[in-house]
Each structure stands twice: as C-alpha cells, then as structure tokens.
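Student: Structure incoming, see below.
The values are calculated or read from the model by the stated rules, or taken from the named source; none is laboratory data. Owing to the predicted nature of the structure, the values given are computational and were not obtained by experimental measurement. Glycine gets a Cβ as well: all are built from the backbone with ideal geometry, and neighbour counts include every protein chain shown.
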C-alpha cells in the first residue's frame, strides 16, 4: 500500500486558496505559492498550460503567471 501525501489529498484546496488570496490581497506569500504550484503543473490558463507558457522564452514566466493570477485567469488542473 502506498502512502498518499498531504499535497495529493489537498492540492485543489491549496491552489484555489492561493489564487483567491493573491487576487484579493496581492500578497507575496500568495504569489510565491502560485509560482510553486505552477512549477508543479497544477495550474492552467484558459487554453494554455504552464508547459505551453514556458515556450514564451522572451517573457518572464513568473511575471506572466502572476499577471494571469491577478486577472483571475488561472485555475486548478484537474486530473
């Protein structure tokens, strides 16, 4: 039997809380969490996945991710 991590059990809750917190307060903690969750592949934006956004090499990916979060354009990737 395999142990299930706290992240695996609660990732949708964690991601949604970070997105709401950042959108409402613009706090650095929420921004850090959003970037961390994006690196884990737990976020998507409309028709773009974080992997697709990384192809935009000339842009600062962190800035793009945080601007999308502030605009409410990021959501949890289910699956």
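Student: Take the range 59-69 and flag every residue that is over 16 Å from residue 40 (Cα atoms) and surrounded by fewer than 17 Cβ atoms within 10 Å (Cβ to Cβ).
Tutor: Of everything in the range 59-69, those that are over 16 Å from residue 40 (Cα atoms) and surrounded by fewer than 17 Cβ atoms within 10 Å (Cβ to Cβ) turn out to be 59, 60, 63, 67.
Student: Taking residue 9 and the conditions (1) part of a helix (DSSP H, G or I); (2) surrounded by 13 or more Cβ atoms within 10 Å (Cβ to Cβ), which numbered condition does it fall short on, given that it satisfies the others?
Tutor: It fails just one condition, (2).
Student: Being part of a loop (DSSP other than H, G, I, E, B), in contact with a strand residue (DSSP E or B) (Cβ under 9 Å, 6 or more places away or on another chain), on the phi > 0 side of the Ramachandran plot and at pLDDT 85 or above: is that true of residue 41 here?
Tutor: So residue 41 fits the description; yes.
Student: Does residue 33 satisfy being surrounded by 13 or more Cβ atoms within 10 Å (Cβ to Cβ), modelled with pLDDT of 75 or more and part of a helix (DSSP H, G or I)?
Tutor: When the stated conditions are applied, residue 33 passes them.
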